[in-house]
Amino acid sequence: MPDPITNPATAEAIFGKQAVEAALADHAAVKGLAHLTTDAKWDRGELTLTIAPESIVAAARAAQASGYNFFEDCTAVDWYPSEPRFQLSYSLLSHSLKQRIRLVARLDSESPIIDSITSVWPSANFYEREVFDLFGIRFAGHPRLTRIMMPDNWNGHPLRKDYPVEGYR
């Protein structure tokens, strides 16, 4: 019988959605983060946990304590004109479990601010700066939240969907 954790699409077809959700509840990451997770699902072969923005640092610490010791990436998506507008995604890897997870937080356009996870993974520093520079998402408590790709005098955030193609003048 297929393992719903390693092959959720096949497992869902065989066992049904409820069985897959029950198997996800046994997943190491979900167990360690259950109290912080608002949603858990498979997305493109990877477990995605939706976290409330105010809980991101606690979720990062819990993920690290659950064996996810390697921070891979932080990126954002602008879903303009939908709200919440921004989706912030953190990709994590566990070498010992040989598993990846993605932590996702949604931020509205009025105040795209979230706590920095550099206290958990210092390697998030440059990724958070890139997201700030290109999307305008602010990371509270970041050690040096400055532009990293665009010139310091650049106006706006060029990966926002409402950014003018010709830039601001």
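Taking the criterion of being in contact (Cβ under 8 Å) with a residue 60 or more places away in the chain, in a strand (DSSP E or B) and buried (at least 18 other Cβ atoms within 10 Å of the Cβ), would at least one residue in segment 130-142 satisfy it?
At the first step, the residues of segment 130-142 found to be in contact (Cβ under 8 Å) with a residue 60 or more places away in the chain are 137.
Adding the requirement that they be in a strand (DSSP E or B) leaves none.
Checked segment 130-142: no residue is in contact (Cβ under 8 Å) with a residue 60 or more places away in the chain, in a strand (DSSP E or B) and buried (at least 18 other Cβ atoms within 10 Å of the Cβ).
Step by step: first the residues of segment 51-74, then only those that are touching a residue at least 40 places away in the same chain (Cβ under 8 Å) and not hydrophobic (A, V, I, L, M, F, W, C), then the one that is surrounded by the fewest Cβ atoms within 10 Å (Cβ to Cβ). Which residue is that?
From segment 51-74, those touching a residue at least 40 places away in the same chain (Cβ under 8 Å) are 51-54, 56-57, 59-61, 63-64, 71, 73-74; that's our starting set.
Going one step further and asking which of them are not hydrophobic (A, V, I, L, M, F, W, C), we end up with 53-54, 61, 64, 73.
On the way: Pro53: 17, Glu54: 11, Arg61: 17, Gln64: 18, Asp73: 13.
Among those that are touching a residue at least 40 places away in the same chain (Cβ under 8 Å) and not hydrophobic (A, V, I, L, M, F, W, C), it is Glu54.
Can we say Ala124 is within 14 Å of the chain's Cα centre (by Cα), among the small types (Gly, Ala, Ser) and either assigned to a strand (DSSP E or B) or at positive phi (or both)? Talk me through it step by step, then tell me what you get.
Values: within 14 Å of the chain's Cα centre (by Cα): yes; among the small types (Gly, Ala, Ser): yes; either assigned to a strand (DSSP E or B) or at positive phi (or both): no.
Taking the combined requirement at face value, the residue does not satisfy it.
Can you list the strands (runs of 3 or more DSSP E) found entirely within segment 56-115 that contain at least 3 residues being over 16 Å from Glu128 (Cβ atoms)? Can you show your working first?
Numbers: elements: 70-78, 86-94, 99-107, 113-115.
It comes to 99-107.
Evaluate the following for Ala23: is it part of a helix (DSSP H, G or I), of a type in the set (Gly, Ala, Ser) and either surrounded by fewer than 13 Cβ atoms within 10 Å (Cβ to Cβ) or modelled with pLDDT under 75 (or both)?
In short, yes.
So which pairs qualify, if the first residue must be in segment 147-169 and of a type in the set (Phe, Trp, Tyr), the second must be surrounded by 10 or more Cβ atoms within 10 Å (Cβ to Cβ) and not in a loop (DSSP other than H, G, I, E, B), the Cβ gap must be under 6 Å, and the two must be at least 6 apart or on different chains?
Close Cβ pairs (under 6 Å, with a partner that is surrounded by 10 or more Cβ atoms within 10 Å (Cβ to Cβ) and not in a loop (DSSP other than H, G, I, E, B)) do not exist here.
The values are calculated or read from the model by the stated rules, or taken from the named source; none is laboratory data. Nothing here was measured: the structure is a model prediction, and the numbers come from that model. Positions of Cβ are generated from backbone atoms using ideal geometry, with glycine treated the same way; all protein chains shown enter the neighbour counts.
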